[in-house]
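Chemist: Handing you a structure now.
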Ligand code: FES
């Protein structure tokens, strides 16, 4: 199949809109005419349904088409045109779904209407939870649109007979939520040492860590002797590798005072808010400041990992060494060591 122009449209006959509002036969004729015109233009969908597609792939073709297109649904509706993306959605519509709308034109009239215009004209698409149950597949889809987001649910079914036997095709698209469904709210993961916990976007990092038992951002006595999260004592300093908010003035001031240094890269957990997944490390020292030999929890390598690794730079102690047999003498100062000596 040929690649369509990104925003290609299929224009129905001059009487198409009046036909849409009138009897079904005229509408069907207009749709058939449009289909013929589209074929002449070579403006077929780039990807069509196939039994080779898993349901997620069949849906992805449709969602990618929505994201790639720039559609002014109202203008298309008023002009009686069918954006190429609607054609793609039609291509992947189950026979029952198509028949419910009578034609591509009827299908377009629905998708360009107020219920679905923000889906077809979405700037971005986010995929939510998917569920497969035998020959049924559903996935929530968040359509980001300048006029407001909306959450839809696509339902696909594997066709069992006819031309599309074996293909996963859309049987319905339902408007679930006017806005971002709570199901789409992100739950970032905060990793601290060998523990990972989830939280809400915007949660205070110190509170998240304290809620995870045994993972205080404070060392030793400062677990009880601290400013209570007011950004004053500086003892909740941690390293953050991930998505957190920008540093504020209070935090910046405190981290510029000894023993902290402005350039340390540390954050005060009580002044830091989680924006996405983040890995937290805590240095030694009263304030958790950098001290010689300190290692971020994130940088510690699990003992099993070291044993299992096969890094070429790893120095391996040989069985011969354990047995007291050294070969260092060959590289050392003449006469400084002998086989079985001190090995300098
Ligand atoms: S708890 Fe004191 S600065 Fe964070």
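Chemist: Could you list the residues of segment 206-226 with an amide nitrogen less than 20 Å from a label point located 7 Å from the Cα of residue 187 in the Cα-to-C-beta direction?
Modeler: Flagged as within label range: 206-215.
Chemist: May I pose another question? Among rounded, prolate and oblate, which fits segment 189-299 when a ≥ b ≥ c are the square roots of the eigenvalues of its C-alpha gyration tensor, a/c under 1.5 means rounded, and a/b larger than b/c means prolate?
Modeler: In terms of gyration-tensor shape, rounded.
Chemist: Further, regarding this structure: Report the FRET efficiency, 1/(1 + (r/R0)^6), for residue 124 and residue 78, where r is their Cβ-Cβ distance and R0 is 25 Å, rounded to 0.05.
Modeler: 0.50
Chemist: Using a 7 Å offset from the Cα along the Cα-to-Cβ direction at both residue 286 and residue 56, what is the distance between the two label points in nm, to one decimal?
Modeler: Result: 5.3 nm between the two label points.
Chemist: Pull out a ≥ b ≥ c, the square roots of the eigenvalues of the alpha-carbon gyration tensor of segment 163-205, then state rounded if a/c is under 1.5, prolate if not and a/b is larger than b/c, and oblate in the remaining case.
Modeler: Note, shape of segment 163-205 comes out oblate.
Chemist: What is the spin-label model distance, in nm, from residue 115 to residue 245 if the labels are put 7 Å beyond Cα along the C-beta direction?
Modeler: 4.0 nm
Every number in this text was worked out from the coordinates using simple rules, so none of it is lab data. Just so we're clear, the structure is a prediction, and the values are computed from it rather than from any experiment. With ideal geometry, Cβ positions are generated from the backbone for all residues, glycine too; neighbour counts draw on all protein chains shown.
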